[in-house]
Amino acid sequence: MNIFEKNMHYFTYKKSRLNLQFISEAPEYELLHINEGQSEFIQKEDQVYEVKYEVDVNNLPNHKIRQLYFILGITNINELYQLFQSAHPKTIFYIIEPQPGFLKYICSQFDFTLFEQYDIRIFCDELIELPNFLEEVFRTEDVLLIRNIKIYGDFYYRNFEVERYGSFVNMVTTSVKHNLFKFGNSIEDSLIGLANNTYNMRFLSRSLDFVKMKDLFAGKPAIIVAAGPSLEKNIHQIKAAQHTSVICAVDTIAERLIREGIVPHFIFAIERVHEVYDYFFKGKHYPEEITLVVPPVVRPEILEEFEGNIVLPFRENIHEYHWFNRMYNFPEEVYMPMGLSVAHLAFGFAVHLGCSPIILTGQDLAHGEKSTHVSGTVYDEKSVEDSFSDYFETEGYNGEKVKTTQIWLDFKQLFELEINKHKLNVIDATEGGARILHTTQMTLKEAAEKYCNETLAVNNKIATIKRYEVNQQLVDNRYKEELTVLKEISDHARSLLSMLKLINVNKYTSSKHLKQALDKMKKTDSLLQTAMKHPLYMHNLQSYFIQAFKKFNSITNEFTFENVRKNLDIQLELAETISSVGDLIIKTIELNQQLTRDDLYEELEDK
């Protein structure tokens with residue numbers, strides 16, 4: 001086994017992703033010359049690059065705290081070694097190399113098993129595959145370090161491929177924001193979601209089977225209608241296309257469309273907050289031929305009062321929905337990407353239906369001349385201006401500069417990643433706002449004339465879809481079994497909490513007794529591992545776990561009373577939180593079987 005083969009074998013078992021075909025087909029890069037201690041001259045195809053032994057001192061690892069450290073580039077082993085040496089001993093390194101020729105070059109020259117004391121993983125594939133890999137990373141325990149992330153580009157990428165380096169930074173930061181968004185803002189926020197999800201599972205028997213809707217409109221055009229201010233320019237064009245395309249409307253714009261004589265085929269909502277019900281559904285009577293598409297996390301009142309068909313897909317890569325699917329045993333296709341906004345939900349649903357092209361309109365993601373939304377929506381009276389501080393400029397639809405915000409930019413970038421990753425045919429017919437990359441720009445009139453020229457019996461096809469099949473007795477039995485497991489974890493936390501409370505350390509405690517205290521405190525590890533492996537505990541506590549691990553990782557390696565005391569305080573809070581939140585999870589599931597909606601939420605608020 002040569003050095004390259006040895007390295008490939010080594011990294012295969014290190015939570016790496018190595019596209020072996022991608023690597024095998026890569027061109028060979030050649031080392032031409034070494035300036036001892038200064039740089040290397042590498043020939044890449046027909047160009048020669050001087051790769052200097054220089055680190056970016058402004059982005060070095062923090063040796064005091066454990067981090068997730070993402071490095072773009074494997075072109076220089078000396079630079080990498082300096083990074084490894086500068087880091088906390090338990091820092092996790094992800095080396096991202098989208099050019100397999102560099103990987104072949106380095107891994108043929110150097111034996112990475114010599115770095116075995118460092119936790120190094122390697123991604124070598126097309127850069128477009130990085131977001132998928134990052135989703136896999138953040139489904140592991142590495143997610144607990146998501147607030148301790150550092151991004152680094154090696155000398156080659158910093159100096160010779162700045163655009164690719166920028167794409168890398170964008171992908172990592174977007175994935176981090178996406179995952180933090182999924183985790184919710186707090187334990188309370190997550191528990192509200194659990195209460196909504198648990199209650200709304202009773203509507204699954206009423207829901208059309210999302211899985212069976214796969215490719216229902218394969219190759220047919222869909223128009224995603226959002227509520228950006230540019231919609232004023234072309235809303236009238238939608239009416240002409242409503243029988244020749246699949247009309248997907250976000251909740252904000254649904255009423256305005258109906259007033260215009262446009263009946264969308266699907267309406268979408270995504271938020272768990274009560275305001276979504278109050279603003280867009282309370283007291284509203286939408287035509288019965290409209291189908292509502294929502295994740296089960298929305299307020300139950302929406303599903304109780306909506307008169308037409310409903311579709312309840314599960315959000316992909318969410319621990320809680322994986323747990324619910326263990327109860328209901330639907331196919332894996334029940335999950336779908338929902339992104340960061342209701343427009344992303346509509347977009348993902350159109351992809352699931354197989355629609356092509358997908359035509360975006362009202363998707364400004366920027367401030368209009370006078371407002372943030374088209375007129376005739378709830379935002380005529382309820383301004384969102386205060387929600388958007390710190391406007392900045394980005395490239396507009398027509399090449400001009402437009403004002404946007406960080407959240408809108410995140411929405412835009414997620415669209416771009418999905419379009420590029422799946423090579424989708426997407427027409428941006430917004431005719432204003434921010435430019436969305438990887439789309440074809442047309443007016444809505446042009447797009448409709450080119451693609452929407454065949455009558456589609458959309459509602460007739462929807463009528464062919466059966467509802468989810470739910471064996472309620474089996475589901476109830478699974479709930480009972482799971483409640484036993486949930487109670488065991490909560491009891492374990494209570495028992496550990498009692499033990500931790502008996503530990504007494506102060507500045508006069510001897511080193512011997514401090515070590516004994518640390519040995520007892522190690523019992524928290526088994527509780528933490530058990531809780532993190534259970535989908536409901538992990539989902540509802542993940543925002544807390546991330547904060548707790550940030551505190552743990554801020555404790556230095558010095559063996560002092562202060563550090564032992566800090567560790568103990570964090571563990572006391574951890575055990576108490578797991579116990580109390582576990583009790584609330586159990587109570588939510590138990591009460592859901594017994595109480596009406598109003599009684600359920602009143603009871604949980606008391607808890």
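The values are calculated or read from the model by the stated rules, or taken from the named source; none is laboratory data. Just so you know, these numbers come straight off a predicted model, no measurement behind them. Using ideal geometry, Cβ is built from the backbone for each residue, glycine included, and neighbour counts are taken over all protein chains shown. Each accessible area value is taken on the protein alone, full model and side chains, heavy atoms only, with ligands, DNA and RNA left out. Shrake-Rupley method; radii C 1.70, N 1.55, O 1.52, S 1.80 Å.
Key figures for this structure:
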| quantity | calculated |
| --- | --- |
| Qualifying residue in segment 473-486 (condition: under 28 Å from LYS90 (Cα atoms) and under 29 Å from the mean Cα position of the chain (by Cα)) | no |
| Filtered residues of segment 416-434 (kept if touching a residue at least 24 places away in the same chain (Cβ under 8 Å) and touching a Ser or Thr at 6+ places or on another chain (Cβ under 8 Å)) | LEU417, LEU424, ASN425, VAL426, ILE427, ASP428, ALA429, THR430, GLU431, GLY432, GLY433, ALA434 |
| Long-range neighbours under 6 Å by Cβ, at least six apart or interchain, first residue open to solvent by less than 40 Å² (accessible area, probe 1.4 Å) within segment 160-178, second at pLDDT 90 or above and in a helix (DSSP H, G or I) | MET171/LEU130; SER175/LEU134 |
| Scope segment 287-326; condition under 25 Å from LEU486 (Cα atoms) and of a type in the set (Val, Ile, Thr); matching residues | VAL297, VAL298, ILE318 |
| Any hit, segment 90-99, residues being of a type in the set (Val, Ile, Thr), more than 22 Å from MET8 (Cβ to Cβ), crowded, with 21+ Cβ neighbours inside 10 Å and modelled with pLDDT of 90 or more | yes |
| Exclusive hit being surrounded by fewer than 11 Cβ atoms within 10 Å (Cβ to Cβ), at pLDDT below 95 and of a type in the set (A, V, I, L, M, F, W, C), set LEU502, LEU474 | LEU502 |
| Odd one out for LEU496 among (1) farther than 30 Å from LYS522 by Cβ; (2) of a type in the set (A, V, I, L, M); (3) touching a residue at least 60 places away in the same chain (Cβ under 8 Å); (4) touching a helix residue (DSSP H, G or I) at 6+ places or on another chain (Cβ under 7 Å) | (1) |
| Residues of segment 220-236 satisfying the condition of being touching a strand residue (DSSP E or B) at 6+ places or on another chain (Cβ under 7 Å), outside any strand (DSSP E or B) and either modelled with pLDDT of 95 or more or crowded, with 24+ Cβ neighbours inside 10 Å (or both) | LYS220, PRO221, ALA226, ALA227, LEU231 |
| Selection status of TYR105, part of a helix (DSSP H, G or I), over 24 Å from THR173 (Cβ atoms) and open to solvent by 10 Å² or more (accessible area, probe 1.4 Å) | yes |
| Extreme residue, nearest to ILE247 (Cα to Cα), among residues of segment 294-332 that are open to solvent by 60 Å² or more (accessible area, probe 1.4 Å) and part of a helix (DSSP H, G or I) | GLU305 |
| Test result for LYS239, within 20 Å of VAL458 (Cβ to Cβ), at pLDDT below 95 and part of a helix (DSSP H, G or I) | yes |
| VAL505, sole failed condition from (1) closer than 23 Å to GLU562 by Cβ; (2) free of Cβ contacts under 8 Å to residues at least 12 places away in the same chain | (2) |
| Residues located in segment 241-293, provided they are touching a Cys at 6+ places or on another chain (Cβ under 8 Å) and open to solvent by 10 Å² or more (accessible area, probe 1.4 Å) | THR244, HIS265 |
| Hits in segment 441-466 - residues which are without any contact (Cβ under 8 Å) to a residue 60 or more places away in the chain, outside any helix (DSSP H, G or I) and of a type outside the set (A, V, I, L, M, F, W, C) | GLN441, THR464 |
| Some residue of segment 295-306 being in contact with a Pro (Cβ under 8 Å, 6 or more places away or on another chain) and of a type outside the set (Asp, Glu) | yes |
| Residue match in segment 553-567 (condition: in a helix (DSSP H, G or I) and among the aliphatic types (A, V, I, L, M)) | yes |
| Residue in segment 463-480 that is within 15 Å of ALA222 (Cα to Cα) and either of a type in the set (Gly, Ala, Ser) or touching a Leu at 6+ places or on another chain (Cβ under 8 Å) (or both) present | no |
| Among (1) free of Cβ contacts under 8 Å to residues at least 12 places away in the same chain; (2) touching a strand residue (DSSP E or B) at 6+ places or on another chain (Cβ under 7 Å) - the single one LYS412 does not satisfy | (1) |
| Hey, TYR81 under 25 Å from GLU116 (Cα atoms), in a strand (DSSP E or B) and among the hydroxyl-bearing types (Ser, Thr, Tyr) or not | no |
| Residue match in segment 85-93 (condition: part of a strand (DSSP E or B) and either free of Cβ contacts under 8 Å to residues at least 24 places away in the same chain or over 21 Å from GLU163 (Cα atoms) (or both)) | yes |
| Inter-residue pairs, beta-carbon under 7 Å, first closer than 14 Å to ALA575 by Cα and in segment 508-529, second in a helix (DSSP H, G or I) and open to solvent by 60 Å² or more (accessible area, probe 1.4 Å), 6+ apart | LEU527/HIS492 |
| Within segment 327-354, considering residues that are out of contact with any helix residue (DSSP H, G or I) (no Cβ under 8 Å at 6 or more places or on another chain) and aliphatic (A, V, I, L, M), the one nearest to GLU271 (Cα to Cα) | LEU345 |
| Members of segment 333-363 that are in contact with a Gly (Cβ under 9 Å, 6 or more places away or on another chain) and in a helix (DSSP H, G or I) | ALA343, LEU345, PHE347, GLY348 |
| Members of segment 1-10 that are outside any loop (DSSP other than H, G, I, E, B) and of a type in the set (A, V, I, L, M) | ILE3, MET8 |
| Spans of helices (runs of 4 or more DSSP H) in segment 123-219 with at least 2 residues at pLDDT below 90 | 130-137, 162-183, 187-200 |
| Filtered residue count, segment 508-554, keeping only those that are modelled with pLDDT under 90, buried (at least 18 other Cβ atoms within 10 Å of the Cβ) and of a type in the set (Val, Ile, Thr) | 1 |
